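Please treat every number below as a calculation from the coordinates, not as lab data. What you see is a predicted model; the values in this text were computed from it and never measured. Positions of Cβ are generated from backbone atoms using ideal geometry, with glycine treated the same way; all protein chains shown enter the neighbour counts.
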Amino acid sequence: MTRFSILPALLGMLFTGQVAAKTCEVEITGNDALEFDKSEIVVDADCEEVTLTLKHSGAMSVEQMGHNWTLTTTDNWREVAQAGQAAGRDNNYLPPGDDRVLQHTDLVGGGESTSITFGLSQLDRDTDYTFFCAFPGHWAQMNGKFIIR
Ligand code: ZN
């Protein structure tokens, strides 16, 4: 009996191995209804680099319904979002040179996508991070948590 009971244990180990695979490539989609499809993005602390892809599944133009993905600490996100409203599309609606902006993508319109790759060395697990779309009027609805596990 003991011989046969080893098999489920081995299978269990294989499954655990798969679940524990590192998550370093993440994707988020915005639509024409001011929605991101995720309220949480989780990456692994030991990723050398994280690649984030932002897709826009809608049909509206970047002028009407542009989306980007901006990362700040949760302490700063509302202030940065508000400060960026007047910064204009050329600045991705982010305050130029503001070091509270930790990462951001370009703006995309319907049918477009964009990616950024960044290291985690400037970030840490113990800090609470928030991502949001910086397009004017979007941040309050289009936001979520960025978690380093
Ligand atoms: Zn947006």
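Listed as lacking a disulfide-compatible partner in the chain: Cys133, by the criterion of no other cysteine Cβ under 4.7 Å. For the chain, the Cβ-based charge dipole about the Cα centre amounts to some 500 debye (Lys, Arg positive; Asp, Glu negative; other atoms uncharged). Note on the range 74-149: dipole from Cβ charges, positive end direction compared against Ile116, Phe146, Trp77; the farthest Cα belongs to Phe146. Taking Cβ atoms as reference points and 14 Å as the exclusive limit, the residues near Ala59 contribute a net charge of -2, counting Lys and Arg as +1 and Asp and Glu as -1.
Of the residues Gly88, Val42, His104, the one whose Cα sits farthest toward the positive end of the charge dipole of the chain, with +1 on the Cβ of Lys and Arg and -1 on the Cβ of Asp and Glu, is Val42.
Just so you know, the Cα atoms of the chain work out to an Rg and Dmax of 18.7, 72 Å. In percent, rounded to a whole number, the relative contact order of the chain is 30, using alpha-carbon pairs under 8 Å and six or more apart. Helix 2-19 and the longest principal axis of the Cα set of the chain meet at an angle near 10°. Dividing the summed -39500 (n - 2.57) terms of all DSSP H runs of n ≥ 4 by the residue count of the chain sets its mean residue ellipticity at 222 nm at -6000 deg cm²/dmol.
Neighbour counting of Cβ atoms within 10 Å sorts the residues Phe135, Phe118, Phe36, fewest neighbours leading, into Phe118, Phe36, Phe135.
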